[in-house]
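S.K.: The following block contains the structure, expressed as C-alpha cells.
A short reminder: the numbers here are calculations on the coordinates, not readings from a lab. Because the structure is a prediction, the values reported are computed rather than measured. Cβ placement follows ideal geometry from the backbone for every residue including glycine, while neighbour counts extend to all protein chains displayed.
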Amino acid sequence: MKKNNNQKYAWILWLFIGLSILNLSAELLNSQWLIYVTKPLLLPTLALYFIGQTRQSAFRTSIFIGFLFSALGDTLLMFSQPGFFIAGLLAFLTAHLMYLRAFLIFPFREMGLLWKRPVWSLLFFAYLLLNVRFLWPYLPEGLNYAVVIYSFCIIAMAAAVFNMKNRVVTNDWQVLMLGAVLFIFSDTLIAVNKFTPFGEYIPSPRLAIMTTYLLGQLLIGLSCIRIANTQDSNTTES
C-alpha cells in the first residue's frame, strides 16, 4: 500500500496498541471493568486497520471476517457461564476457518512447502494427537468432541500457514508463522488453565493468554497486509 495510506491509517494501529496495553494492564491488575471496556474493542480496531490498508480481494475478505469473529469470541469469553464458552468457541472456530480459507485460496506461483514435502504434515498431526491425548481426561463430557474439532481446525490453519512458505516473501511468511504459533500457544494456555489442574502452575495465566493472543493476531494482521498488497501489486503488473 502507498506511503500516504500507511500514514492515513497509522493512528488506528496505535489505537490498537494502546487498547492492548490497557487490556493487559487490566489483566495484571484484575480490573474487570477495564477488561469489559477494552476487550471488545481490540480486534475490531485491528480489523479496521487491516481493511484500510488493503484492497478488495477474497483473501482480504476472509482475514477481515476472521478478525470480526475473533472479536465476537473475545466478547463471549468474558462471561463465565458454560453457554458463553461454547458460543465463544464456535466464534473462534469460525475465525480459524476463515483464516484457513484465506491461506488456501491465496494465489501462488509455486506450490508451498507442505504440498511439496507432505512429510512435514506429520509434525502437525503429532501436535494434534498429543494435545488431544493430554486434554481428553480433563474435558467435561459433551465438550470433549467440540474441543477436538476446534483443535483440528486451528492445527489445520497453522498447516495452511506453513504451506504459505515459497508462496510469499520469506520475511512475511516468518512473521505470519510466528503469529499462528502464538495464537495456538494462547489457545493451549486457555485449555490448560480452564480444564486441567496444571493451570495453577502458569504465572498470571490470563495475562499470558492475552499477551500471546494479541501479539499473534497483530503479527497475522501485519503480515497479511504485506501479503495482500504484494498480491495486488503482482496482479496489477501482470
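S.K.: Springs between alpha-carbon atoms under 10 Å, Gaussian network over the chain: tell me which of PHE85, PHE69, PHE198 tops the mean-square fluctuations.
M.R.: PHE198
S.K.: Based on a Kirkwood Rh over C-alpha pairs, give the Stokes-Einstein translational diffusion coefficient of region 162-238 at 25 °C and viscosity 0.890 mPa s in µm²/s.
M.R.: Rounded, D is 177 µm²/s.
S.K.: If you don't mind, there's one more thing I want to ask. Using R₀ = 30 Å, calculate the FRET efficiency as 1/(1 + (r/R₀)^6) where r is the Cβ-Cβ separation of VAL119 and THR170; round to 0.05.
M.R.: Using R0 = 30 Å, I get an efficiency of 0.90.
S.K.: So how far apart, in nm, are the two label points at SER204 and LEU28 if each is 7 Å from Cα heading toward Cβ?
M.R.: In this crude spin-label approximation the distance works out to 0.5 nm.
S.K.: Another one. State the Cα centre-to-centre distance between region 184-206 and region 54-124 in whole Å.
M.R.: What the calculation gives is 21 Å, centre to centre.
S.K.: Let me ask something else. Taking every eigenvalue of the Cα gyration tensor of region 3-237, multiplying by 5 and rooting it, what semi-axes result, largest first, whole Å?
M.R.: That gives 29, 24, 14 Å for the three semi-axes.
S.K.: While we're on this one: Starting from the exponent 0.38 and prefactor 2.2 Å, build the expected Rg for region 2-61 from its residue count and divide its actual Cα Rg by it.
M.R.: Taking N as the residue count of region 2-61, the ratio is 1.33.
S.K.: ILE105: net charge of surrounding residues, Cβ under 14 Å, Lys/Arg +1, Asp/Glu -1, itself excluded?
M.R.: +3
S.K.: How much mean residue ellipticity at 222 nm does the chain get from its helices, if each DSSP H run of length 4 or more adds -39500 (n - 2.57) and you divide by all residues, to the nearest 500 deg cm²/dmol?
M.R.: So the helix-based figure for the chain works out to -27500 deg cm²/dmol.
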